[in-house]
1. With unit charges on the beta carbon (Lys/Arg positive, Asp/Glu negative), name the residue among 367, 231, 136 whose Cα is farthest towards the positive pole of the charge dipole of the chain.
2. Please give the charge dipole size of the chain, origin at the Cα centre, charges +1 on K and R Cβ atoms and -1 on D and E Cβ atoms. Round to the nearest 20 debye.
3. Kindly count the pairs of lysines across the range 250-390 whose alpha carbons are less than 28 Å apart, treating pairs on different chains or eight or more residues apart as eligible.
4. If you average the C-alpha positions of the range 217-242 and of the range 284-309 separately, how far apart do those two centres end up, in angstrom?
5. Using amide H atoms built in the peptide plane, which far-off residues or other-chain residues are under 5 Å from residue 206 H to H?
6. Can you give the helix-only mean residue ellipticity at 222 nm for the chain, where every DSSP H stretch with n ≥ 4 adds -39500 (n - 2.57) and the sum goes over all residues, rounded to the nearest 500 deg cm²/dmol?
7. Mind listing the long-range amide H neighbours of residue 173? Cut-off is under 5 Å, sequence gap 5 or more, other chains count too, H placed in the peptide plane at 1.01 Å from N.
8. Looking at the square roots a ≥ b ≥ c of the eigenvalues of the Cα gyration tensor of the range 203-308, which shape do they give, rounded for a/c under 1.5, prolate if a/b is larger than b/c, or oblate?
Amino acid sequence: MKQLNVGMIGGGFMGKAHALAYAGMPMFFWPAPAVPHRHTIVDVTEELAKNAAMKLGFDHYETDWRKVVNDPEIDVIDIVTPNHTHAEIAIAAAKAGKHIICEKPLALGAEQAKEMLDAVNEAGVKHMVAFNYRRTPAVALAKKYIEEGRIGKILSFRGTYLQDWSADPESPLSWRFQKKIAGSGALGDIGTHVVDFARYLVGEITDVNAVTKTWIPERPVQTGGTDSLGNVKGGADVPKSPVDVDDEFITMVKFDQGAIGTIEATRNAWGRNNYLTFEIHGEKGSLAFNYERRDELQVCFSDDPGDAKGFRTVYTGPNHPYGEGLWPIPALGIGYGETKIIETYDFFKSITEDTVVSPNFHDGYKIEAIADAILQSAENSQWVTVAKELS
Ligand code: NAI
Ligand code: SOE
């Protein structure tokens, strides 16, 4: 069985999720396309890197990502660092001939994302951007129904991503609230997951008309680089600094095939946790999904008997996408980890079978262009057409 050596850059929340996926993927999908080997992990200090290596099962650790990117033993570079570092690491990794999986959002904006896309294309390496939620089996099932024409021509898409971890003004100013590190706020951090759903399920977004809001203009400065996602609060004695990104956005969208829709995201919605949803209406039926009930797809077909018409629940399991690798009875329940395991499986398959995997840097670039258009639209209070050459 082929083994691929992974060099992971960053040992925080996503470091843990991706390491779990490397360990778990062959247990779920056997024979695995290749066995991921956790070779080297990088973090910014010796202490962080050493701890991450022990905790996440890597053989080696480093504090300089450049050494790992240029290590001939490494096959795959996994970028799980804050957003402002993605481009430099990915471009260097492409030049070194490594296959790359990079966390979302791909970059700080479309211009930077294009440089990353050019670098991987020039190098001929495999590339993926980690919008893992589309690999939830219920979301992949929605895609299957749409491709089979089960809901007919799509009329509309409504997508939300609502969380509440930053609703408290004492939730600190981590890297996610700083434009120079994050690029944007709720838009880049969570709204892009919905944009990925919209493009995956419906088609290309051509026009946007948006509003953005920053509800909490300053926050206590967080100590340390890792974002505690509001689980550690600032105190009255902690100095505050300005937030220069959006807390919330809502946009209308138009799609290339004629559908219309809305996309919104906020991290200030008390009571909402990982409320990542879509509802799609077609000429012959509707589909609805909420990640907080991730084993379920709500379906309604126009030819359902009149006395049984209404949404009903399909619980995903062995008969559905990725069912062969997951649990043997519907509704045993998958978690966040399984979405990352499936992502790893598809990425490794693209490497060993030499195929194109999606979402890749091209998708990441298009999503950045849509995010840029959303910010521009909000600033100018008008419809903005996403650059034509991207479609
Ligand atoms: P985090 O704050 O938990 O961890 C980031 C880690 O990277 C920290 O340990 C930090 O010390 C390290 N780091 C920073 N600069 C570095 C450098 N130059 N070299 C090596 N290590 C460095 O952040 P988290 O939540 O893991 O986010 C990382 C990326 O993953 C972000 O782009 C974020 O948007 C994305 N993300 C994606 C999720 C998804 O569902 N797909 C979920 C959470 C985050
Ligand atoms: C914080 O909003 C966060 O960790 C995002 O960065 C992820 O992309 C999302 O999936 C979960 O929430």
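1. Going by the charge dipole, the pick is 136.
2. Working: 39 positive and 53 negative charges, 99 e Å.
Approximately 480 debye in magnitude.
3. Working: 254/284; 254/366; 254/388; 284/309; 340/349; 340/366; 349/366; 366/388.
Lysine pairs, 8 or more places apart or on different chains, close enough: 8.
4. So the two Cα centres are separated by 42 Å.
5. 254, 255, 256
6. Numbers: 10 runs with 119 residues, N = 391.
Value at 222 nm, helices only: -9500 deg cm²/dmol.
7. Those lying under 5 Å, H to H, from residue 173 are 221, 222.
8. Working: a/c = 3.81, a/b = 2.01, b/c = 1.90.
It is prolate, given that a/c is not under 1.5 and a/b is the larger ratio.
Values quoted throughout were computed directly from the atomic coordinates according to the rules given, and no laboratory measurement underlies them. Treat the numbers as computed from the prediction; the structure is a model and nothing was measured. Backbone-built Cβ (ideal geometry, glycine too); neighbour counts: all protein chains shown.
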